[in-house]
Amino acid sequence: MSLAAEAFMSQMAAAEPWPENATLYQPLKEDQILLSDCASSLAVQAYLRMCGLPVQVVCRVNAEYMSPSGKIPFIHVGNQVVSELGPIVQFTKAKGHSLSDGLDDVQRAEMKAYMELVNNMLLTAELYIQWCDDATAAEISRPRYSSPYSWPLNKILAYQKQWEVRRKMNAIGWGGKTLEQVYEDVSQCCQALSQRLGTQPYFFNKQPTELDALVFGHLFTILTTRLTSTELAERIKSYSNLLSFCRRIEQTYFEDKRIL
Amino acid sequence: MKRAHVARLRLLRLGIFKEVEVLIDTSEGTDALPNGLDVTFEVTEIKRLTGSYNTMVGNNEGSMVLGLKLPNMLGRAEKLTFQFSYGTKETSYGLSFFKPQPGHFERNLTLNMYKVTGQFPWSSLKETDRGVSAELNFPLGMTNHTLKWEGVWRELGCLARSASFAVREESGHSLKSALSHTVSVDSRNSAIFPSRGALLRINQELAGYTGGDASFLKEDFELQLNRRLFWDSVLSASLWGGMLYPIGGQLSCIADRFYLGGPTSVRGFGMYSIGPQSEGDYLGGEAYWAGGLHLYTPLPFRPGKGGFGDLFRTHFFLNAGNLCNLNYGDGPRAHLQKLAECIRWSYGAGIVLRLGNIARLELNYCVPMGVQSGDRICDGVQFGAGIRFL
C-alpha cells in the first residue's frame, strides 16, 4: 500500500475501539487446512490472545480466496479486512494495543530479525515439505487442499497450487534442496531460537511479544500435526526449552479451548 | 418458381455458399421431358478458411480480437469457429463446433469450449468462467426447443479492495454442471420492431445432478405481445419473471442470481442496481418479475421515410419490477405478497434505433418511482444498447 493509503488506514483504524464481533477466517480445520496455514493462523490467534483482544475463529472453505492478499489468516474487524501477522500487528498498534512497546530500538531490531528468520526458514520449510516432497504432497497436501471441491475441479486446484509453490521454491533457491537438507535447516533455526530463549520464559524476558506468538504458532503446529514422517517433530523435540516454551504459552493463553 | 426461390434461401442459410444462382430453362437433351424444366443451381462456395482481426475499445479497456472460421469443415455445413480476444485487462477465447442435421437445418448440435471473463462494477465482482457446453436445437410443431448441458469452472473475485464483505465471502472457485431446457414460440414478424405477434420463452436449468458444487433449480420466462394500433403505432407489452431455488440447503451463489435494473430492463435505474445490496454492492436476488408497456411510433414528421428514418422509432414506456429473496419455507401466497410489495416503476419517453436485425440503441428520458432505499437511480437521460430489452 502507498504511504498515503497506509496513513489513511491507520487513521480509520485508530478511530474505533476493538469490537466484540471481530472474526478470524481460516480454512476448515478438520479436513482442509494445511500445516503452513494452520501455523500462521495459530500465530495470529496467540498474538491476539496475548493482547487480550477477543476474536472468533470461523472456518470457511474459500478463506484463502476471500483474503485480500491471498494468504491465511485474515481478520474482519469492523469494516476492515487485514491479513497476515505483520499487517495485523500494525493494525492493532494503530488501535493502541501493542506488545513490543516496552522494547528499546536494539531489541526491536533483534525481534524483527528473528521474525524474519522464522518466516524465511520455518515457514518455507513447511511449504517445502508440504508441496515439494512427493510423498507428503500425494498423501496429505493434495487430498486435503482439494477436499471441498468436486471432480475435476479438485484435481485442477490441487495441482495448480502445487505448481505455484514449486515455482516459488525454485525462485528462492530451495528447489534443489533435498528433504534432509531442509530438516537440517529447521534444526539450525531451532538452535538459534533455543539459544536466544535460553532459560527465560519469553524471548524478551518477562513479557511475550509478537515473536513469541509467531514461534509458538509454528512450533506447536509442527509438534501436533501428523505428517508422513515424524522427523520434523523429532528435530524440534530435541530442544527442551522450546518444548516447555510451547507448553507454557498453551497453558497460559489457550487454557479455555482445545487448539488442534 | 416459388419453390426454387425457397430452395435458394435454404441453401444460403447453410452459410457455406457465397452466392446461389438459379437458372430455369426448358429442358433439352436426350432425356428431356415434354413441358419439362431444367432447374440449375449455380453456387459459389465460401473460402475454406476465413480469418478476421478486430480491435475494440470500450470502457477503459482495449482489446484485440482474432477470429478463425471454417464454414464447411467436413462437407456437410459443419462450422468450426475460434475466437481469441486479448485485452488490456482480460483475455478470453472460445472454440465452437456447429453441426446441422443434413436436410433439416433447424435441428442442430453445437459444442462449445470457452474461457470468458467479466467485470461487474455494480457488484464489485469479477468472474472468470471456463467451461464446455453441448447444445441441441430442434423444432417441435410450432415451438423451438433447446436442450443444453453446461459444465463451468467459475472463479469469483473482488473487483476492488473496497468490495463489501458480502461479496468477499463469495470469492473462490466453484464448479457448475447444469442441464437446461428452453422452449420458445415466436410469431412476431420481426425481432426488433415487431408490429404483430407474440413471443413466449420459458427456460429452466437444473444444476447439481450431473456433478459439480452448485445445486439449484432455476426457472425464468419471457413474454411479449405486440399489436398494431392506429397510424402505424404499435403497442407492446412484455413480462419477465424468474425464480432460483437452491437445492440441498446451500446458499445461492452471486453468479446464479437474477439482477434487475438498467437501460435494458427497468429503465430509470442504474445498471442492475435494484434489490438486495450490501455497502453499495448489489447482490442480486432469487426471484424477480418485470413488466413493460410500450407505445412505439415512427419519428414525428417522418423524416427520411422509406430509408434511414425507418430505423428509428419514438417510444413511450412504463416499466415496473421487483427483485427480492424469498423465504422458501413460507407458502406461495407469502411469496406473491413479497414480490408485490416495494414495486419499483418508471415511465418516460425516448428514441430507439435499430441495428441490423439483432440489436437496439435507446436514448430515453426516464422518471423513476417507487425507489427503495439502496437502489441507485438514473433519472433524466439514459442511454442503452443491447439485444434484449424489457
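Has segment A:216-227 got at least one residue that is of a type in the set (Lys, Arg), surrounded by fewer than 22 Cβ atoms within 10 Å (Cβ to Cβ) and either farther than 24 Å from residue A:88 by Cα or within 14 Å of chain B (Cβ to nearest Cβ) (or both)? Within segment A:216-227, one or more residues are of a type in the set (Lys, Arg), surrounded by fewer than 22 Cβ atoms within 10 Å (Cβ to Cβ) and either farther than 24 Å from residue A:88 by Cα or within 14 Å of chain B (Cβ to nearest Cβ) (or both). If I filter segment B:149-157 for residues that are buried (at least 17 other Cβ atoms within 10 Å of the Cβ), of a type in the set (Val, Ile, Thr) and closer than 30 Å to residue B:281 by Cβ, do I get at least one hit? Looking through segment B:149-157, at least one residue is buried (at least 17 other Cβ atoms within 10 Å of the Cβ), of a type in the set (Val, Ile, Thr) and closer than 30 Å to residue B:281 by Cβ. Every test in (1) within 30 Å of residue B:310 (Cα to Cα); (2) touching a residue at least 60 places away in the same chain (Cβ under 8 Å) is passed by residue B:198 save one, and that test is (2).
In segment B:338-390, which residue that is within 20 Å of the chain's Cα centre (by Cα) and of a type in the set (Lys, Arg) is surrounded by the most Cβ atoms within 10 Å (Cβ to Cβ)? Going through the qualifying residues, I end up with B:360. Within the bounds of segment A:119-133, is there any residue that is within 11 Å of chain B (Cβ to nearest Cβ) and under 29 Å from residue A:216 (Cα atoms)? Checking segment A:119-133: not a single residue is within 11 Å of chain B (Cβ to nearest Cβ) and under 29 Å from residue A:216 (Cα atoms).
Of A:150, A:98, A:146, all but one fail to be in contact with a Gly (Cβ under 7 Å, 6 or more places away or on another chain) and of a type outside the set (Asp, Glu); the exception is A:150. Only one entry in B:103, B:75, B:58 is farther than 25 Å from residue B:134 by Cβ and either surrounded by 12 or more Cβ atoms within 10 Å (Cβ to Cβ) or free of Cβ contacts under 8 Å to residues at least 24 places away in the same chain (or both), namely B:58.
Scanning segment B:164-206 for residues that are under 21 Å from residue B:257 (Cβ atoms) and away from every other protein chain (no Cβ under 12 Å) turns up B:178, B:179, B:180, B:181, B:182, B:201, B:202, B:203, B:204, B:205, B:206. In this structure, residue B:296 qualifies as surrounded by 14 or more Cβ atoms within 10 Å (Cβ to Cβ), in the same structural domain as residue B:164 (by the TED database) and either at pLDDT below 90 or among the hydroxyl-bearing types (Ser, Thr, Tyr) (or both).
When A:193, A:232, A:214 are checked against the criterion of being over 21 Å from residue A:108 (Cβ atoms) and aliphatic (A, V, I, L, M), A:232 stands alone in meeting it.
Residue check: residue A:102 meets all listed conditions (1) touching a Ser or Thr at 6+ places or on another chain (Cβ under 8 Å); (2) away from chain B (no Cβ under 12 Å) but one, namely (1). The condition (being in contact (Cβ under 8 Å) with a residue 40 or more places away in the chain, in the same structural domain as residue A:216 (by the TED database) and β-branched (Val, Ile, Thr)) is satisfied by just one residue among A:165, A:118: A:118.
Let's see how each residue does on (1) part of a loop (DSSP other than H, G, I, E, B); (2) of a type in the set (Lys, Arg); (3) modelled with pLDDT of 90 or more; (4) surrounded by fewer than 19 Cβ atoms within 10 Å (Cβ to Cβ):
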site	(1), (2), (3), (4)
A:113	no, no, yes, yes
A:127	no, no, yes, no
A:142	no, yes, yes, no
A:160	no, no, yes, yes
A:163	no, no, yes, yes
A:176	yes, no, no, yes
A:186	no, no, yes, no
A:190	no, no, yes, no
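For segment B:173-193, indicate whether the set of residues that are assigned by the TED database to the domain that holds residue B:325, charged (D, E, K, R) and buried (at least 19 other Cβ atoms within 10 Å of the Cβ) is non-empty. Yes - at least one qualifying residue is present in segment B:173-193. Of the residues contained in segment B:125-136, one or more are found to be buried (at least 21 other Cβ atoms within 10 Å of the Cβ) and within 13 Å of chain A (Cβ to nearest Cβ).
In segment B:171-199, of all residues being hydroxyl-bearing (Ser, Thr, Tyr) and in contact with a Cys (Cβ under 9 Å, 6 or more places away or on another chain), the one that is nearest to residue B:127 (Cα to Cα) corresponds to B:171.
The values are calculated or read from the model by the stated rules, or taken from the named source; none is laboratory data. Everything quoted here is computed from the prediction, not taken from an experiment. Note that we place each Cβ from the backbone using ideal geometry, even for glycine, and neighbour counts take in every protein chain shown.
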